Amino acid sequence: MTDKELLDCAKKALVNSYAPYSGFNVGAALLTDDNTLFLGCNIENASYGATVCAERTAIFKAVSEGYTKFSRIAVVAKDGSTAFPCGICLQVMNEFMPEGNVILEVNGEAASYNVKELLPHGFVLEDN
Ligand code: THU
C-alpha cells in the first residue's frame, strides 16, 4: 500500500470521529508488519482528559488483537490541516513502532517522517 493510499484509509476513519468538544476530527490508519490494517479516530469525552487520540485508538485496537509490530501510521484531520501526533501518541509509537513512519498530508501531498525524528529521545525502560 502506498503512503497516499494509507492516507485515504485514514480519511475513511474520520467518519467515526467523536469530537463534539473541539470540533477537530482526526482519523488514523495503521499498518502492521504483516500489512494488516487498523483504523482509528479520536474519541472525546465531557471530562476532557479522558479523550483518546486517533493514533492511540488505532494502535490500541491492534495491540488488543494481538499485533505489536507496526510499520506505518497515516494521520489526517478533517479540515485538511497537518496534524502532527501529540507527545503521548509518539511515546506509544516509540513502544510498538520505533523504526516506523508517520504519514501526514502536507500541501495535498503525502509526507513521511520517522517516529525517531519526531521523538528523538523517547522513554524506554531499559535506559533506567
Ligand atoms: N488529536 C488526535 O486525535 N490526534 C492528533 O494527532 C492531535 C490531536 C485529537 C485529540 C482531540 O480530540 C482533538 O484532536 C483536539 O486536540
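Quick look at the values:
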{"read-out": "Residue ranges of helices (runs of 4 or more DSSP H) in region 40-128 with at least 1 members within 18 Å of K12 (Cα to Cα) and not aromatic (F, W, Y)", "value": "54-64"}
{"read-out": "Checklist (1) open to solvent by 70 Å² or more (accessible area, probe 1.4 Å); (2) more than 30 Å from L125 (Cα to Cα); (3) within 15 Å of the chain's Cα centre (by Cα) applied to L14, failing item", "value": "(1)"}
{"read-out": "Of the criteria (1) closer than 20 Å to I103 by Cβ; (2) away from the ligand (no atom under 11 Å from the Cβ); (3) surrounded by fewer than 19 Cβ atoms within 10 Å (Cβ to Cβ), which one S47 fails", "value": "(1)"}
{"read-out": "Qualifying residue in region 20-35 (condition: in a strand (DSSP E or B), more than 8 Å from the ligand (Cβ to nearest atom) and open to solvent by 50 Å² or more (accessible area, probe 1.4 Å))", "value": "no"}
{"read-out": "Any hit, region 79-88, residues being within 10 Å of the ligand (Cβ to nearest atom), open to solvent by less than 20 Å² (accessible area, probe 1.4 Å) and within 22 Å of T2 (Cβ to Cβ)", "value": "yes"}
{"read-out": "Residue count, region 1-60 (criterion: touching a residue at least 60 places away in the same chain (Cβ under 8 Å) and of a type in the set (D, E))", "value": "1"}
{"read-out": "Pick from region 63-78, criterion more than 12 Å from M93 (Cβ to Cβ) and within 14 Å of the ligand (Cβ to nearest atom), ranking: surrounded by the most Cβ atoms within 10 Å (Cβ to Cβ)", "value": "A74"}
{"read-out": "Residue check, E44 touching a Pro at 6+ places or on another chain (Cβ under 6 Å), within 17 Å of A77 (Cβ to Cβ) and not aromatic (F, W, Y)", "value": "no"}
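The values are calculated or read from the model by the stated rules, or taken from the named source; none is laboratory data. All values reported here derive from a predicted model rather than from experimental measurement. FYI the Cβ positions are ideal-geometry reconstructions off the backbone, even for glycines, and counts take in every protein chain you see. Ligands, DNA and RNA are excluded from the accessible area calculation, which covers all protein heavy atoms including side chains. Shrake-Rupley method; radii C 1.70, N 1.55, O 1.52, S 1.80 Å.
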